[in-house]
């Protein structure tokens, strides 16, 4: 992620996502979810700069940019 942005986002599995959004979870217990996501499970590709404008909200915005 360092080549893309200096901050690392939290990336959760579907199961972890459910725990994260559960209002009954103890926030201290959620700290264990803040681990590095496996690099081999990620894929990076350039997308349209349209993503930077909140008014743009369509599925195609996440399509890879053609070179």
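The values are calculated or read from the model by the stated rules, or taken from the named source; none is laboratory data. No experiment lies behind these values; they were computed from the predicted model shown. Virtual Cβ from ideal backbone geometry, glycine too; neighbours counted across all protein chains shown.
The rows are residues; the columns are (1) within 17 Å of the chain's Cα centre (by Cα); (2) free of Cβ contacts under 8 Å to residues at least 40 places away in the same chain; (3) exposed (fewer than 11 other Cβ atoms within 10 Å of the Cβ).
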{"site": "23", "(1), (2), (3)": "no, yes, yes"}
{"site": "39", "(1), (2), (3)": "yes, yes, yes"}
{"site": "51", "(1), (2), (3)": "yes, yes, no"}
{"site": "61", "(1), (2), (3)": "yes, yes, no"}
{"site": "64", "(1), (2), (3)": "yes, yes, yes"}
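Restrict the check to the range 4-13 and report whether at least one residue is without any contact (Cβ under 8 Å) to a residue 12 or more places away in the chain and not in a loop (DSSP other than H, G, I, E, B).
No, because not a single residue in the range 4-13 is without any contact (Cβ under 8 Å) to a residue 12 or more places away in the chain and not in a loop (DSSP other than H, G, I, E, B).
Matching residues to (1) farther than 23 Å from residue 2 by Cα; (2) at pLDDT 90 or above; (3) part of a helix (DSSP H, G or I):
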{"position": "17", "(1), (2), (3)": "yes, yes, yes"}
{"position": "32", "(1), (2), (3)": "no, yes, yes"}
{"position": "44", "(1), (2), (3)": "no, no, no"}
{"position": "54", "(1), (2), (3)": "yes, yes, no"}
